[in-house]
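Data block below; observations after.
What follows draws every value from the coordinates through simple rules; no lab data is involved. Since this is a predicted model, take the numbers as computed values, not measurements. Glycine also receives a Cβ, built like all others from the backbone with ideal geometry; neighbour counts cover every protein chain displayed.
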Amino acid sequence: ELARTGVRDLFDFLVWSSDHRCIKPSPRIFRIALDHFAVAPAEAVYVGDNPRRDVAAAGALGMGTVWIRNDLRPLSPRDPAPDLVVDHLADLPHALEP
């Protein structure tokens, strides 16, 4: 989907949990990415489409979080609040502009 929406080149590094045999919300997958760039969690933003698996796990580490709301559903009261919400992946570049 990253290539299809034209945003693949915006990312320096992609890490897939299936490649590292860990399942979100385990913090391990996020630490792999942070270690790759030698950055602190507060210097990173995680983009995901599942509030409970993605937003909760990355936010618990202190990373910034972006929720892609592909189906345009609202957050449930049980869902952790992301730092930023975009409706579609293609909206991400504009949303992250300073």
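Values as computed for the structure displayed
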quantity: Correct choice for Cα extents along the principal axes in Å that was computed from the model, options [x] 48, 37, 35; [y] 33, 31, 28; [z] 37, 36, 23; calculated: [y]
quantity: Loop-located trypsin sites (Lys or Arg not before Pro) in region 41-98, at most 12 other Cβ atoms within 10 Å (DSSP); calculated: R78
quantity: Contact order normalised by residue count of the chain, Cα under 8 Å, 6+ apart, percent; calculated: 23
quantity: Burial ranking of peptide ranges 30-39, 4-13 (average Cβ count within 10 Å, highest at the top); calculated: 30-39, 4-13
